[in-house]
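The values are calculated or read from the model by the stated rules, or taken from the named source; none is laboratory data. Here the structure is a predicted model, which means the values were calculated and not measured. For neighbour counting, all protein chains shown are included, and Cβ atoms are generated from backbone atoms with ideal geometry for every residue, glycine included.
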Amino acid sequence: MVDGVDEKQPGDIVLAAISELRATIGELAAQAAREHDRARAREQVIDRLHADVQQARAGEARELLRPAVTDLRRLRDDLCAQARSVPEMMARAEVAVLLESYADSVVLILERCGIIAVRPEPLTAFDPRRQQASGVAETSDPELDGAIASVVSDGYAEEATGRQVAPARVMVYRRGDASAARAAGPDGQAG
């Protein structure tokens, strides 16, 4: 002791600093553990909310589809009842009318879902962005080359936006090789 002042040894100062560092590290470790627990709790809340959203979406989808499901169930019931009552001999025309009535029922179901049937006009130009060629019909008329010969099946589009859902399938006129050769003449030149 010098003049009444306690003189600390260098080793004591280092030990005090180490003690202080241990306390600070202990506080930091405790704080990190609390933050980790909070993060785990937040993730559990997020997971629960995600599951709730998924469940709500599934419920919304079921509710949105309910009218279409109801219509499809009725259509199936009608088809089954009709199948049981078909006469032994039924004319082709009667069968066609019956089947077309069911096709019209399907169109109504699609319309309730916001989808409309799109039927291209025969003899209009084939548009590969809106139609799918299902086959070729030979023609000798150069004016018909690339035009729609007939419609195999309608296309479908969203009613609100016009965005195509499925292209119409069509037969397309193509000028046949024999027709082109006759138009070109015997020397292969157009004449």
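Things worth noting here:
- Count of the range 62-102 residues, restricted to those that are over 13 Å from Cys113 (Cβ atoms), part of a helix (DSSP H, G or I) and of a type in the set (Val, Ile, Thr), is 2.
- The residues in the range 60-85 that are among the polar types (S, T, N, Q) and surrounded by 10 or more Cβ atoms within 10 Å (Cβ to Cβ) can be counted, and the count is 2.
- Residue match in the range 111-127 (condition: farther than 23 Å from Glu159 by Cα and basic (Lys, Arg)): no
- Residue within the range 36-59 that is under 30 Å from Asp154 (Cα atoms), modelled with pLDDT under 85 and either surrounded by 10 or more Cβ atoms within 10 Å (Cβ to Cβ) or not aliphatic (A, V, I, L, M) (or both) present: no
- Of all residues in the range 107-143 being among the aliphatic types (A, V, I, L, M) and modelled with pLDDT of 95 or more, the one that is surrounded by the fewest Cβ atoms within 10 Å (Cβ to Cβ): Ala125
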